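Okay, structure first, notes after.
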Amino acid sequence: MAKVVKFGGSSLASAEQFEKVGKIIHEDKDRRYVVPSAPGKRNSKDTKVTDMLYACYDLAESGQDFSAALRAIEARYDEIISGLGLKLSLKDEFATIEKSFREKAGRDYAASRGEYLNGHIMAAYLGFEFVDAATVIFFDENGNFDADKTQEVLSEKLKSMKNAVVPGFYGAMPDGSVKTFSRGGSDITGSIVAKAIHADVYENWTDVSGFLIADPRIIRNPEKIEFITYRELRELAYMGASVLHEDAIFPVRQEGIPINIRNTNMPQDSGTWIVGSTCQKSRYTITGIAGKKGFCAVNIEKDMMNSEVGFGRKVLQAFEESDISFEHLPSGIDTMTVFVHQDEFIHKEQKVVSAIHRLAKPDTVDIESDLALIAVVGRGMRSTRGTAGRIFSALAHAHINVKMIDQGSSEINIIIGVSNSDFETAIRAIYDIFVVTRL
Ligand code: ASP
């Protein structure tokens with residue numbers, strides 16, 4: 001058995017957190033490959049080391065004095081090292097970093113040092129070998145992750161290693177320069193390492209005990225999701241639910257490796273399992289609810305629209321000409337609605353409307369703004385009748401006007417459009433009917 005364990009920034013923010021992590025790893029000898037993030041916030045007012053590195057590098061790049069900013073970063077690591085009682089010195093590493101900053105080694109290089117240095121501490125603390133991610137994780141000339149080359153080199157490298165620490169978040173370009181993934185990218189590294197060694201499980205340790213059915217800022221103490229499929233997670237993540245980096249799903253998904261989200265501060269909790277498919281029924285018809293505010297609906301009407309071949313294409317062309325992607329496309333007999341992101345659309349609206357007139361010659365076009373979309377997601381909806389009906393009646397009881405409803409063809413999600421101002425009330429009404437009263 002082999003498990004890959006990735007620890008997020010808050011799990012590694014201090015010596016105390018490192019000790020919890022050490023205990024978790026030593027408790028299970030299958031936890032052989034460790035992917036650390038950079039030290040995160042120790043409290044809500046604290047700054048993540050990654051952000052300190054970006055700020056420090058910006059000073060260096062603009063020719064300002066950055067030594068105090070760099071010393072502050074060094075102090076964060078020294079505090080961890082001395083707290084753990086390690087005999088490790090990062091003096092030489094910091095001298096190299098300072099020199100590279102002066103030589104303007106790049107923002108990605110700068111940010112990557114957060115994980116790189118934390119990886120060294122982790123390796124020393126655990127007695128595991130350190131593998132620099134720049135030697136095993138690769139990007140192509142266009143800056144896209146090179147999955148094939150990485151798989152080949154990384155699996156070969158780890159094959160002979162019983163244990164290893166591979167820092168998250170970065171890799172190397174073909175010319176050897178360091179490149180990072182987007183923010184939160186250590187999740188992706190964990191997934192890549194899990195794929196390379198054909199891990200049995202990818203454990204992703206963070207500061208929450210898994211995914212919640214709904215946003216805790218809207219629902220007080222929402223229940224946790226025990227099992228969620230990759231597809232369900234994609235739907236929810238797209239609609240704003242976040243714990244894991246979106247791109248972290250793909251490498252493990254191809255290999256059928258489950259992801260287990262766990263809480264470093266409550267290791268006894270079983271967390272959430274993200275799996276390819278499961279016969280584990282979710283306790284409720286729905287698995288989760290997520291949503292976003294800030295959409296516009298462009299309503300287009302034309303008599304006999306239904307019989308006009310190519311009408312939809314012409315309308316969408318008008319959006320494409322302005323480089324605007326659409327979110328949803330519910331349609332009726334003589335009407336069609338295009339949902340778009342308000343902030344993207346607002347500056348281009350008149351251009352798009354006139355293009356719709358020019359291309360599709362509709363009778364009317366009108367725009368409704370300040371709308372929210374809510375996704376109700378669940379594999380259980382496929383085998384349950386009346387889900388949409390229950391959502392409607394819950395919203396009617398809460399006096400919410402439903403602007404749109406759209407069931408995805410996979411039957412695992414229903415999207416509902418409401419006014420921004422009804423967003424929270426709508427989510428509460430849906431949560432109540434499926435989870436609280438479990439009708
Ligand atoms: N340290 C990086 C960030 O703050 C990457 C990560 O934590 O996953 O975005």
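The values are calculated or read from the model by the stated rules, or taken from the named source; none is laboratory data. Quick caveat: nothing in here was measured; it's all calculated off a predicted structure. FYI the Cβ positions are ideal-geometry reconstructions off the backbone, even for glycines, and counts take in every protein chain you see.
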Hey, any hits in the stretch 402-412 for a residue that's among the hydroxyl-bearing types (Ser, Thr, Tyr), over 28 Å from the mean Cα position of the chain (by Cα) and under 30 Å from Thr229 (Cα atoms)?
no
Residue that is polar (S, T, N, Q), free of Cβ contacts under 8 Å to residues at least 24 places away in the same chain and within 21 Å of Asn221 (Cα to Cα), where the choices are Thr437, Thr425:
Thr437
Against the conditions (1) buried (at least 19 other Cβ atoms within 10 Å of the Cβ); (2) more than 14 Å from Gly417 (Cβ to Cβ), where does His357 fall short? Just the number, please.
(1)
So which pairs qualify, if the first residue must be in the stretch 177-205 and at negative phi, the second must be near the ligand (Cβ under 9 Å from one of its atoms) and at pLDDT below 95, the Cβ gap must be under 7 Å, and the two must be at least 6 apart or on different chains?
Gly185/His245; Asp187/His245; Ile188/His245
Please find, among Glu93, Glu156, Glu79, Glu152, the residue that is part of a helix (DSSP H, G or I), surrounded by 16 or more Cβ atoms within 10 Å (Cβ to Cβ) and either under 29 Å from the mean Cα position of the chain (by Cα) or at pLDDT 95 or above (or both).
Glu93
Residue match in the stretch 197-213 (condition: within 16 Å of the ligand (Cβ to nearest atom), in a loop (DSSP other than H, G, I, E, B) and under 16 Å from the mean Cα position of the chain (by Cα))
yes
Kindly indicate the residue of the stretch 385-394 that is outside any loop (DSSP other than H, G, I, E, B) and more than 29 Å from the chain's Cα centre (by Cα) and also surrounded by the most Cβ atoms within 10 Å (Cβ to Cβ) among those meeting that condition.
Ala394
Can you tell me which residue among Ser186, Ser182 is surrounded by fewer than 17 Cβ atoms within 10 Å (Cβ to Cβ), within 16 Å of the ligand (Cβ to nearest atom) and under 25 Å from Tyr230 (Cβ atoms)?
Ser182
For the stretch 159-175, enumerate the residues that are more than 27 Å from the chain's Cα centre (by Cα) and closer than 14 Å to Asp132 by Cβ.
Met161
I'd like the full set of residues that are in a loop (DSSP other than H, G, I, E, B) and either touching a Ser or Thr at 6+ places or on another chain (Cβ under 8 Å) or under 17 Å from Ala194 (Cα atoms) (or both), limited to the stretch 106-127.
Gly106
What's the number of the only condition in (1) under 30 Å from Val352 (Cα atoms); (2) touching a Ser or Thr at 6+ places or on another chain (Cβ under 6 Å) that Met266 fails to meet?
(1)
Residue list for the stretch 399-439, filter: modelled with pLDDT under 95, among the hydrophobic types (A, V, I, L, M, F, W, C) and in a loop (DSSP other than H, G, I, E, B)
Val402, Ile412, Leu439
Positions within the stretch 27-61 being hydroxyl-bearing (Ser, Thr, Tyr), assigned to a helix (DSSP H, G or I) and over 28 Å from Tyr202 (Cβ atoms), in sequence order
Tyr57
Scan the stretch 96-105 residue by residue and report those that are surrounded by fewer than 14 Cβ atoms within 10 Å (Cβ to Cβ) and in a helix (DSSP H, G or I).
Thr96, Lys99, Arg102
I'd like to check something: does the stretch 319-326 contain any residue that is under 30 Å from Thr287 (Cα atoms) and either of a type outside the set (Ser, Thr, Tyr) or in contact with a Gly (Cβ under 6 Å, 6 or more places away or on another chain) (or both)?
yes
